[in-house]
1. Can you tell which of ILE243, ILE169 is part of a strand (DSSP E or B), in contact (Cβ under 8 Å) with a residue 24 or more places away in the chain and surrounded by 15 or more Cβ atoms within 10 Å (Cβ to Cβ)?
2. Exactly one of these conditions fails for ILE59: (1) open to solvent by 60 Å² or more (accessible area, probe 1.4 Å); (2) assigned to a loop (DSSP other than H, G, I, E, B); (3) modelled with pLDDT of 95 or more. Give me its number.
3. Quick one: how many residues across the range 199-224 are aliphatic (A, V, I, L, M), in a helix (DSSP H, G or I) and more than 18 Å from the chain's Cα centre (by Cα)?
4. Every residue in the range 1-33 that is part of a helix (DSSP H, G or I) and of a type in the set (Lys, Arg), please.
5. How many of the residues in the range 55-77 are aliphatic (A, V, I, L, M) and either free of Cβ contacts under 8 Å to residues at least 40 places away in the same chain or more than 27 Å from GLY11 (Cα to Cα) (or both)?
6. Would you be able to say whether some residue in the range 225-236 is in contact with a strand residue (DSSP E or B) (Cβ under 9 Å, 6 or more places away or on another chain), more than 16 Å from GLU20 (Cα to Cα) and not in a helix (DSSP H, G or I)?
7. Considering only residues of the range 112-142 that are among the charged types (D, E, K, R) and closer than 24 Å to VAL175 by Cβ, which is surrounded by the fewest Cβ atoms within 10 Å (Cβ to Cβ)?
8. Taking HIS109, is it touching a strand residue (DSSP E or B) at 6+ places or on another chain (Cβ under 6 Å), modelled with pLDDT of 95 or more and open to solvent by 70 Å² or more (accessible area, probe 1.4 Å)?
Amino acid sequence: MKYGLIGEKLGHSYSKPIHEKLVTFHDRKEYCYEIRPVAKEEFHDFMTAKDFTGINVTIPYKTDVIPYLHEIDAHAEKIGAVNTIVNREGKLYGYNTDFYGFLYTLLFHNFSVKDKKVLVLGNGGAAKAILAVLHSLKASEIMLVKHREGVNCISYEEAALKHGDASFIINTSPVGMYPVTDVAPLDLTPYKSLEGVIDIIYNPLETKLLAQASKLSIPAVNGLEMLIAQAKRAVEIFLDTTISEEAIQQIYEELILEL
């Protein structure tokens, strides 16, 4: 495999068409991007074989890849998760492009989180990058919400009881993702001050959570723009190039029509 995406279950992925569209902005005709499911028992052998030029990494391997890396950039190290790896002469270098993807989404939709309370649902690799963005933009309170209370996180029950004044809710959990689409991580009814809901799921484009937000007239954004924006940054790293930000919305609009 030259370039591609690894993860445990990838039936939901749109990464291949996105990468193929992105390289048309670079005129890299030989660029071939594959979707490669890797089971947990195969993961170690895959990483030690290093049989790739550049890969993206998704659930559940964004932290698991770190011990295999020769070097990790300061950005990814601070976040604690890697979603982009480049093989340079047998040495693996790790990056995090989710930060760029989520930052783009907030800025494009004019979601100002500064001095606001934000609830982040889930705590996987994508959540780590999202938390880093929220801290960098100076959100006043960032509450990590999980099914069980723990260190630095609250339960969904506590969120509903004590944090109904949250300005933004961001779902980073896989709840509501294809093929189990008829579920939502929480009910938005207790949250009366919401300025926006972001679900980083992109298949389906409108999750049950986002459908409820729209019904309540709350601005609702899916994860497709974040996916395209982080892929743009990954291609820039893979090919040592620069691609215009205009490509993100152009590809987004094309995919919406195709999907």
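The values are calculated or read from the model by the stated rules, or taken from the named source; none is laboratory data. Only a predicted model underlies this, so the values are computations on that prediction, with no experimental measurement involved. Positions of Cβ are generated from backbone atoms using ideal geometry, with glycine treated the same way; all protein chains shown enter the neighbour counts. Please note that ligands, DNA and RNA were not included when accessible areas were found on the heavy atoms of the full protein model with its side chains. Shrake-Rupley method; radii C 1.70, N 1.55, O 1.52, S 1.80 Å.
1. Numbers: ILE243 fails: part of a strand (DSSP E or B).
Only one candidate qualifies: ILE169.
2. (3)
3. At the first step, the residues of the range 199-224 found to be aliphatic (A, V, I, L, M) are 200-201, 205, 209-211, 213, 216, 218, 220-221, 224.
Now drop any that are not in a helix (DSSP H, G or I), which leaves 209-211, 213, 224.
With more than 18 Å from the chain's Cα centre (by Cα) added as a condition, the list becomes 211, 213.
So the count comes out to 2.
4. The first filter runs over the range 1-33 and keeps only residues part of a helix (DSSP H, G or I), leaving 15-25.
Across the range 1-33, the qualifying residues are LYS16, LYS21.
5. Within the range 55-77, the subset aliphatic (A, V, I, L, M) is 55, 57, 59, 65-66, 69, 72, 74, 76.
Pick out the ones that are also either free of Cβ contacts under 8 Å to residues at least 40 places away in the same chain or more than 27 Å from GLY11 (Cα to Cα) (or both) and you get 65-66, 69, 72, 74, 76.
Final tally of qualifying residues: 6.
6. Within the range 225-236, the first condition is being in contact with a strand residue (DSSP E or B) (Cβ under 9 Å, 6 or more places away or on another chain), and the residues that meet it are 226, 230-231, 233-235.
From what's left, more than 16 Å from GLU20 (Cα to Cα): 226.
Cutting the leftovers down to not in a helix (DSSP H, G or I) gives us none.
No: zero hits.
7. Keep residues of the range 112-142 that are among the charged types (D, E, K, R), which gives 114-117, 128, 138, 141.
Now drop any that are not closer than 24 Å to VAL175 by Cβ, which leaves 116-117, 128, 141.
Working: LYS116: 21, LYS117: 17, LYS128: 23, GLU141: 14.
So the residue we want is GLU141.
8. On the way: touching a strand residue (DSSP E or B) at 6+ places or on another chain (Cβ under 6 Å): yes; modelled with pLDDT of 95 or more: yes; open to solvent by 70 Å² or more (accessible area, probe 1.4 Å): no.
No.
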